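Here's the structure we're looking at; comments come further down.
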Amino acid sequence: MSDKKTETAVEKNGFKLLAKYRGAIMGLAALWILFFHEWQMMITEPGKAAEIESYIKRVGFCGVDIFLFLSGIGLVFAIGKGSILSFYYRRLKRVYLPFFIIGLIRFITEKVDAGIFWKNVLCINFYQSNMYSFLWFVPAILTLYLLFPLYYKVYEKAADKTLFTGAMFVLWLAIALFCRESLRADLWGFFNRIPVFFFGIHAGYLSKTHKNPFSKTTWLSLGIILIAGLYFAYLANFIGVGFIVPTSNCFLPNLIIAVSYPFVTAKILDILCNLPKINIIGKGIVRFFSFFGMFSLELYCVQEWLGGKIRAEIPESSAFMKNFAVFSVSILAGFILYLIVKYFWVLAEMAVSKIKNTNKVTNNKK
């Protein structure tokens, strides 16, 4: 009986639910980003349906903010697993290789200048020329990974971590207002997302320490916050309303969506998985989206490069055929890239282990 009560309490804890459905939430965010980048509008007649399709596409870049929020949570758990060097190694191992492989493929197939290639894959162009030079999310997340251990060391020492996070947000805002005229215009796309990462770190800490179930008021508040974020996204992207800082459509609306959407989605998925008559469907939905979450980074790396090439090959096709072709090829290529990266590291670690064992045997013989 006590085990059942514990299980029920865990299921009602929003942080536990977020961890349980993290893969599916990442998959949804990955597909939303793919939709933003590559979807060709299919509803041509004016009306509500066309407006909804346009809205979903236009605000799809919010998927990036969701990833940053989830990354902040994940790093809180990852930092305690070994040394700082092993922390950095695990981050580079997961993120850098698919980024480099796509850079190398484009260098070979598109005859990219060698200097540009190296500046792209070494993340130099991200800061030196334009953050959108090449797969901007990877240099951005690597920057945050690099700074995270120092930030978290200070964060851990704060007596009131909620107050500390709020103070960091105010500090960020002060810097943003001070740099309104001096920061390079394209870098706002990254700079405006730093607060999402702060809040993700705080959510990660709370998920380690907050063991109580979420109340109905908490869930209702998260739902209202999400609706407000979606409305602000509409104001920013379709009406042109600004929110305090330049390029504000990737600031306040995305921040509000990113800190509420994962929890609300996790709750909905949990309800679907636990309703007696449709739980099979719910579990199927979770598995479906978790599949895309498994190779979300690789899918991001291939989509824009392949999307343009595929559409160029079928210029006279319908929007449906273009979408089908781009999504199918991008998903397949992303999954293949994921397998290449996965088994590269498996073979590399096997080789390193073999060398270590050989050296150990040699030293023992001596």
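Conditions tested, residue by residue: (1) under 24 Å from Lys153 (Cα atoms); (2) at pLDDT below 95; (3) not acidic (Asp, Glu).
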site	(1), (2), (3)
Trp172	yes, no, yes
Ile175	yes, no, yes
Asn192	yes, no, yes
Ala228	no, no, yes
Ile244	no, yes, yes
Asn249	no, yes, yes
Val259	yes, no, yes
Ile280	no, yes, yes
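In the set (1) in a helix (DSSP H, G or I); (2) closer than 27 Å to Cys250 by Cβ, Arg90 fails one condition alone, (2). Of Met168, Met131, which residue is buried (at least 18 other Cβ atoms within 10 Å of the Cβ) and either touching a strand residue (DSSP E or B) at 6+ places or on another chain (Cβ under 7 Å) or not in a helix (DSSP H, G or I) (or both)? Of Met168, Met131, the one residue that is buried (at least 18 other Cβ atoms within 10 Å of the Cβ) and either touching a strand residue (DSSP E or B) at 6+ places or on another chain (Cβ under 7 Å) or not in a helix (DSSP H, G or I) (or both) is Met131.
A single member of Tyr338, Tyr343 is assigned to a helix (DSSP H, G or I), exposed (fewer than 13 other Cβ atoms within 10 Å of the Cβ) and hydroxyl-bearing (Ser, Thr, Tyr), and it is Tyr343. Within the set of pairs 6 or more residues apart or between chains, which connect a residue that is within 23 Å of Thr44 (Cα to Cα) inside region 311-336 to a residue that is of a type in the set (Ser, Thr, Tyr) with Cβ atoms less than 8 Å apart? Sorted first by the residue in region 311-336, then by its partner, the pairs are Ala325/Ser317. Annotation: Leu147 fulfils all but one of (1) part of a helix (DSSP H, G or I); (2) more than 24 Å from the chain's Cα centre (by Cα); the unmet one is (2). Please tell me if Glu349 is among the charged types (D, E, K, R), assigned to a helix (DSSP H, G or I), surrounded by 13 or more Cβ atoms within 10 Å (Cβ to Cβ) and within 27 Å of the chain's Cα centre (by Cα). Considered against the rule, which asks whether it is among the charged types (D, E, K, R), assigned to a helix (DSSP H, G or I), surrounded by 13 or more Cβ atoms within 10 Å (Cβ to Cβ) and within 27 Å of the chain's Cα centre (by Cα), Glu349 comes out as no.
When we screen Phe295, Phe289 for residues that are aromatic (Phe, Trp, Tyr), within 19 Å of Gly103 (Cβ to Cβ) and at pLDDT 90 or above, the only hit is Phe295. Of the listed requirements (1) in contact (Cβ under 8 Å) with a residue 60 or more places away in the chain; (2) in a helix (DSSP H, G or I); (3) buried (at least 18 other Cβ atoms within 10 Å of the Cβ), Asn125 misses just one: (1).
The values are calculated or read from the model by the stated rules, or taken from the named source; none is laboratory data. Everything quoted here is computed from the prediction, not taken from an experiment. Glycine also receives a Cβ, built like all others from the backbone with ideal geometry; neighbour counts cover every protein chain displayed.
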